[in-house]
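In what follows, a structure is listed as structure tokens, so that the remarks can point back to it.
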């Protein structure tokens, strides 16, 4: 029942090899300092390189990058063939066309169950203001959204993509009918109040 964005985490191994994998286990942690987290299965082939590397980039994918998400979720292929990128901090690749990219210092790691939680300190970020994000829900990718991101309505029906290898443990769900919500006037102070509230909630956790 929980829809997420989709990311590709990229890095460089000590020998210079390119590392990249599709993940949707991404979330914000702190505003000051700016921290984000994501998780990776202990059994992942890239675990050793990501544990020891100094930096990685979390690339938040745009709706136009569904094929790239599927490729970086596929095993036993060369994921980097014809993929456009620039080198970011620590030589971690920053993917061209991403909706946003967070270049992170590999701050800390926590072993929990069969996964490792990575906490990254954001040292640089970029975004494409006009990009619509790729979504993942019920085991499928979605490239269209009920609302666009310039304030107007777009087509309601989403187009589903194929099921990626990760994340696991999800099942196809029918979309519940949208409930009608009342509208209220927006005030510029609301964004600032929300940011302060979220920061206080993180600090108290």
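Read-outs: derived from the displayed coordinates by stated rules, not from any lab. What you see is a predicted model; the values in this text were computed from it and never measured. Glycine gets a Cβ as well: all are built from the backbone with ideal geometry, and neighbour counts include every protein chain shown.
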Cα gyration tensor shape for the range 10-71, rounded if a/c is under 1.5, else prolate or oblate: oblate
Share of pairwise Cα separations in the range 37-86, more than 11 Å, in percent: 78 percent
Gain in span if fully extended, residue 109 to residue 96, counting 0.36 nm per residue against the direct Cα distance: 1.9 nm
Residues 125, 104 arranged by fewest to most Cβ contacts within 10 Å: 125, 104
Length-normalised contact order of the range 31-149 in % [C-alpha pairs under 8 Å, at least 6 apart]: 33 percent
